[in-house]
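To start, the structure under review is shown below, and the notes come after it.
The values are calculated or read from the model by the stated rules, or taken from the named source; none is laboratory data. Because the structure is a prediction, the values reported are computed rather than measured. A quick note on method: Cβ atoms are made from the backbone with ideal geometry, for glycine too, and the neighbour counts reach across all protein chains shown. These accessible areas exclude ligands, DNA and RNA; they are computed on the full protein's heavy atoms, side chains included. Shrake-Rupley method; radii C 1.70, N 1.55, O 1.52, S 1.80 Å.
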Amino acid sequence: MILTGRIDEKNQLWVSMTVGGLHSKQTIEALIDTGFNGELLLPLQIAIPLGLQLAGAAPYRLADGSISQQMLFTANIGWGTTSRTATVNVVNSDTALIGGGLLHGYILLVDFQKKQLVIKEPGVDEPSPSQPPSKKSKSSTLKKKGGK
Amino acid sequence: MTDQTPQQPQINVEEFSKKSLEFYDQIKAQLEAESPNKYVAIDYETSRHWIGETASEALTKAKTDFPQKIFYLIQIGSPTTFSIQSIRTNDLFGKKNSYDFNWAH
């Protein structure tokens, strides 16, 4: 799997993906936040219409140092050519976040000078203008269904 | 028209977490010795647990065995599973930690 994102004028890193629940699927653009170690964080207004499946609960540490028990959901996400299940934290915010947990097993390449952002699996060539990406190795820590 | 949406389990987060942590305390020493920093999904009702390299891997294993149940997720050896440095307490929804509405509405 290989996909490109974008770097905005504030040097923030954005990636597009589809997120699906029991009711619907939506394409969103999420901000890569290395201060978040979960997989995906969604604002309430995105999460509720999707009908996310409740998976349980977990302890969270927040920016103000507080620790609280919060609900945890799962969603089907599609990014690049890969679809998988991801854990989802839901908060009252405006921005969807991708955390380090979702990037586990991937390589994140960021070129702030050229404003280029690439996420790829190990063993996958970087895209070049004349050549489509090819896969050298099948090694991956993520379950792949492919096709989408 | 009949609602075909699967029924979501209801949860009182405070009570669910308390019982889950009581069970986790019983297996904590063994898990910290054998699987430090990995994720574990636990079910206090059946006294079972599932370990994964990632949060979703642990939960997927647990859901495979019990699709209708909900689980408590812990990163082994850490007091918290998730850290969100851009979110404060006021950004959380439902301060009462009790959510009995159906998300798949």
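Of the residues B:Tyr72, B:Tyr44, B:Ser56, the one whose Cα sits farthest towards the positive end of the charge dipole of region B:11-83 is B:Ser56 (charges of +1 on Lys and Arg Cβ, -1 on Asp and Glu Cβ, taken about the Cα centre). Can you flag which of A:Lys120/B:Lys63; A:Lys25/B:Lys61; B:Lys18/B:Lys69; A:Lys25/B:Lys69 are past 21 Å Cα-Cα? Cα-Cα > 21 Å for A:Lys120/B:Lys63; A:Lys25/B:Lys61; A:Lys25/B:Lys69; rest within. Overall form of region B:11-83: rounded. Here a/c, set by the Cα gyration tensor axes a ≥ b ≥ c, is under 1.5.
For region A:2-120, what is the charge dipole size about the Cα centre, in debye to the nearest 20, if Lys and Arg each add +1 at the Cβ and Asp and Glu each add -1 at the Cβ? Charge dipole, region A:2-120, about its Cα centre: 300 debye, nearest 20. What part of the accessible area of region B:11-83, given as a whole %, is carbon or sulfur when the probe is 1.4 angstrom? Here carbon and sulfur together make up 47 percent of the probe-accessible area. Remark: region A:31-40, residue by residue, has Karplus-estimated 3J(HN,Hα) of 8, 6, 10, 6, x, 10, 9, x, 9, 9 Hz, where x stands for each Gly or Pro and the curve is 6.51 cos²θ - 1.76 cosθ + 1.60 at θ = phi - 60°. Summarised as an ellipsoid, region A:2-120 has semi-axes of 23, 17, 13 Å, derived from the eigenvalues of the Cα gyration tensor scaled by 5 and square-rooted, with the largest first.
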